[in-house]
Amino acid sequence: MNKLVIEGGVKLNGEVSISGFKNAALPIITASLLAADKSVIENIPLIKDVYILKNIIETLGGKVHLSDDGVMTIDATNVENKTAPYELAKQLRASYYLAGVALGRFKGGSIVYPGGCDIGARPIDLHIKGFEALGADVKIDHGIIKCNGEGLKGTNIYLDFASVGATINIMLAAVLAKGNTIIENAAKEPHIVDTANFLNSMGANIRGAGTDLIKISGVEKLHGCTYSIIPDMIEAGTYMVAAAATGGDVLVKDVIPKHLEAVIAKLREMGVEVREYDNSVRVRVTRNLKNVNIKTLTYPGLATDLQQPMAVLLSTIKGTSMVTETVFEARFKYVDELKRMGANIKVDGKTAVIKGIDKLSGAKISATDLRAGAAFVIAGLIAEGTTEIDNIQHIYRGYVSMETKMKNLGAKIVRI
Ligand code: EPZ
């Protein structure tokens, strides 16, 4: 079951419900280990990354139950300070949050150095800079990050780049440190706010999450809590772009429209009709769309995770569109596969120049990363003929039941 086969030419129509946010669930599940207590986390997306993290926590001595409707109960009372198995940790980029937890709860520990992936080297120098500023001694030795954090003390940390991972990891280490920590040039993404809200529900004292200056006053102890994960703004954006690309009419439900402002604005600029309701948005194409230029930025700019789906949408819109990727240094690798479907895209460093063509043509292509995989599904939906995508395990790392949700919108898609 590692391929998707898609017949192109169908306009998506109907309603799709968005699942909990992968990039909020992963840090929040990990943050629950900061307390020797029980927590209940709802609206967990049933995706591969969550199951891998569940396995990691169980190997560390935690008890985790995940129900079919996405309610996770975690008992972290007996979690031990040991290194997660390499085979599991290497599959999950977000396993680096275990470093913040090791420093927060155990004042030190060793974690597997996370690998890069197909969108860039993905260093963690800013995470380490933050830990060292708090007084930890961090060494990387044979692929293991060894942190010794006796007596972590609050301090001021300036992030050279508003890194999501570094902002969250420093929060995880600082919430139980002595004294006050300030993170300047902090990332402002909704999942930073969600993680800070979760930590505050555990008894932490974090203010300013969602702005570029986060203040953390260290506390003695944290306790378990009950919490619900925010909707996945990237999954929502992916379905909005798919609706626009196929010329369809889709109601994307269970979202927070505020988190979608950048993609809503860009789609409207192209001439897509987007209607916002309390917790849903309706995307409808009623006229020929216009080419536009896009530039990915940290929140509240257009999310880098929507760059690949947007490029597919632009690939069949008349005129020339420029796509500039400012967050990752190698997030255009998927373009070669799109060219095999006839796309006219020239990549020059951080920019891709897209000349719209009439139609993509179906082909056999291979997913290289999570968001490229989702972009290829959109390409298959709008291409002439049949598209076969393999390596779809990437897609199921971050999208709940994508083929089922797309089929319910009328797509001709089967998983084989
Ligand atoms: C998170 O990755 C997300 N992953 C990514 O989503 C997302 O693309 C990214 O944030 C940006 O929004 C998770 O949340 C699990 P960063 P993260 O630290 O934390 C550089 C997806 O598809 N950097 O904000 O790794 C880095 O190389 C994934 O769901 C350093 O140089 O992103 C990159 O160029 C893909 N040093 C830029 O900052 C560091 O210490 C942004 O990285 C850390 C990052």
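The values are calculated or read from the model by the stated rules, or taken from the named source; none is laboratory data. All values reported here derive from a predicted model rather than from experimental measurement. Glycine gets a Cβ as well: all are built from the backbone with ideal geometry, and neighbour counts include every protein chain shown. Note: accessible area is taken over every heavy atom of the protein model, side chains too, but ligands, DNA and RNA are not part of it. Shrake-Rupley method; radii C 1.70, N 1.55, O 1.52, S 1.80 Å.
Diffusion coefficient of the range 14-134 by Stokes-Einstein, Kirkwood radius over Cα pairs, 4 °C, 1.567 mPa s: 86 µm²/s. Over the C-alpha atoms of the range 119-196, the Rg to Rh ratio, Rh being the Kirkwood estimate, stands at 0.96. Per residue, the chain exposes 38 Å² of accessible surface when a 1.4 Å probe is rolled over the protein heavy atoms with every protein chain present.
Can you give me the relative contact order of the chain as a percent, contacts being Cα pairs under 8 Å and 6 or more apart? If you can, show how the numbers build up before the last one.
On the way: 1033 pairs, mean separation 87.6, N = 416.
About 21 percent, as a whole number.
Between 0 and 90 degrees, the angle of helix 233-245 with respect to the longest Cα principal axis of the chain falls at about 0 degrees.
Mean residue ellipticity at 222 nm, helices only, the chain: -8500 deg cm²/dmol; runs of at least 4 DSSP H residues each add -39,500 (n - 2.57), and the sum is divided by the number of residues.
Using only the C-alpha atoms, the convex hull of the range 231-279 corresponds to 63 Å³ per residue.
Give, to the nearest whole percent, the P(r) tail of the chain beyond 26 angstrom, counting all Cα pairs. Let's see the in-between values first.
Details: 45854 of 86320 pairs.
Summing the P(r) tail past 26 Å for the chain gives 53 percent.
On the accessible surface of the chain, probed at 1.4 Å, how many percent belong to carbon and sulfur atoms?
Values: 7770 of 15790 Å².
About 49 percent, which is the carbon plus sulfur part of the accessible surface.
Converting phi to 3J(HN,Hα) with the Karplus coefficients 6.51, -1.76 and 1.60 and the offset θ = phi - 60°, the range 129-143 yields 4, x, 4, 5, 5, 7, x, 7, 9, 10, 10, 10, 9, 6, x Hz in sequence order, with x at every glycine or proline. Seen through its C-alpha gyration tensor, with square-root eigenvalues sorted a ≥ b ≥ c, the range 22-228 comes out rounded because a/c lies under 1.5. For the range 22-228, DSSP calls about 75 percent of its internal beta bridges antiparallel.
Note on the range 337-416: Cα-Cα pairs beyond 20 Å make up 33% of the total pair count. For the range 270-335, the direction-averaged projected area of the alpha-carbon convex hull comes to 5.2 nm². As an exercise, identify the GluC sites (Glu not before Pro) in the range 143-245 lying in DSSP coil whose Cβ has no more than 15 other Cβ atoms within 10 Å. Hits after loop and neighbour filter: 150, 220. Would you mind checking the tilt of helix 190-201 against the longest principal axis of the Cα atoms of the chain, expressed as 0 to 90 degrees and rounded to 10? Between helix and principal axis, roughly 30 degrees. Per-peptide packing, taken as the mean over residues of other Cβ atoms within 10 Å, places 357-366, 307-316, 32-41, 128-137 in the sequence 307-316, 32-41, 128-137, 357-366 from highest down. Over 22 Å apart at the Cα level, from the set 107/146; 188/253; 22/146, are 188/253; 22/146. In degrees, nearest 10, range 0 to 90: what is the angle between the Cα axis of helix 48-59 and the longest Cα principal axis of the chain? The helix 48-59 is inclined about 20 degrees to the chain. Between the amide H of residue 295 and those of 324, distances stay under 5 Å, these residues lying 5 or more places away or on another chain, with hydrogens modeled in the peptide plane.
Loop only per DSSP, at most 16 neighbouring Cβ atoms within 10 Å: give me the GluC sites (Glu not before Pro) in the range 299-346, ordered by residue number. Intermediate values should be presented prior to the final figure.
Details: sites: 325, 329, 337; in loops: 329.
For GluC sites (Glu not before Pro) across the range 299-346 that sit outside H, G, I, E and B with at most 16 neighbouring Cβ atoms in 10 Å, the list reads 329.
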